[in-house]
Amino acid sequence: MSDLVREVDEDLRREQLTALWKKYGRWMIAAALGLIVAVAVGEVLDRRKQDLQAGTAEQLADAKQAFDAGNLDTGYALVEEVKSRNIGGYTGLAYLLEAQKRLDADDEPAALQALDALANSNAPEEFKSLGRFLATVERFDTMNADEVRASLEDLANEGSPWFGSANELIGTAMFLEDRMADAELYLNNAFASPNSPPAVRERTGALLLLVRQKQELEAPDQSAVSDQTDKADTQDQKGDDHEGHNHDQEDQDHEGLDQ
């Protein structure tokens with residue numbers, strides 16, 4: 001009965017963790033996109049007169065304002081114009097702005113299409129890696145652990161701006177598939193790094209406790225192993241004693257025959 005209760009508890013925990021990542025992932029995408037786009041467009045507005053790409057900067061700012069005013073068609077048309085110009089960071093911002101608005105409208109396929117396009121665009125690498133990371137977060141509940149790792153492994157290396165979050169996501173995927181050794185490795189990478197955001201360290205620390213509890217539950221009972229070893233040694237000793245007794249009896253029989 002205790003095993004059944006444990007299995008049910010673990011299944012519920014996995015279901016809740018997956019749901020949490022889905023919910024958190026959607027919130028994280030919206031927050032990250034909103035922050036980056038708001039800050040970047042604000043900077044564009046402040047310096048667009050001095051910018052060599054003033055026309056592109058202005059179009060991007062106008063797209064943001066159109067979206068904020070509810071003029072979605074105008075906003076998407078302006079975003080497409082910015083993307084078609086293929087001018088560095090503006091291209092990345094245009095894809096991110098589009099993805100944010102698609103998610104706001106609960107149009108996940110279109111948002112993923114924008115993030116995938118960003119990951120494969122000519123935008124600067126920091127934008128491309130962000131697009132890949134956010135797309136993986138959004139697809140998390142449909143991917144297996146190896147797919148998550150393949151998508152993010154290079155972002156989980158030291159020096160990546162997404163080091164903590166990428167290790168957390170891979171470790172969580174491993175945990176959900178009961179691959180505790182791998183889960184511990186990636187989660188500990190995120191938890192131990194001073195460069196991981198506090199929220200990432202808090203979540204990975206909590207999940208590491210679950211990993212280690214599960215490892216302890218699944219580890220062989222050392223006292224039971226010791227008892228089994230002692231029993232085996234006792235049986236071997238009995239066998240040796242019995243064999244020695246037989247040899248002694250044979251010697252006595254031979255002595256009797258000789259006499």
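Since every read-out is calculated from the coordinates, none of them should be taken as a lab result. The shown structure was predicted, so the numbers you read here are calculated from the model rather than taken from an experiment. Every residue, glycine among them, receives a Cβ derived from its backbone with ideal geometry; neighbour counts consider all protein chains shown.
Overview of results
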item: Neighbour-count order for Glu80, Glu58, Glu98, fewest beta carbons within 10 angstrom listed first; result: Glu80, Glu58, Glu98
item: Whole-Å distance, taken between Cα centres, linking segment 133-190 and segment 73-100; result: 29 Å
item: Gyration tensor (alpha-carbon) shape descriptor, segment 72-133, a/c threshold 1.5; result: oblate
item: Prolate/oblate/rounded call for segment 150-214, Cα gyration tensor, a/c under 1.5 rounded; result: oblate
item: Mean Cα-pair separation over length for segment 107-224, i.e. relative contact order, pairs under 8 Å, 6 or more apart, %; result: 16 percent
item: Gyration tensor (alpha-carbon) shape descriptor, segment 129-188, a/c threshold 1.5; result: oblate
item: Protection proxy ranking, peptides 183-190, 112-119, average beta carbon neighbours within 10 Å, highest first; result: 183-190, 112-119
item: Residues Glu138, Glu168, Glu153, sorted so that the one with the fewest Cβ neighbours within 10 Å comes first; result: Glu153, Glu138, Glu168
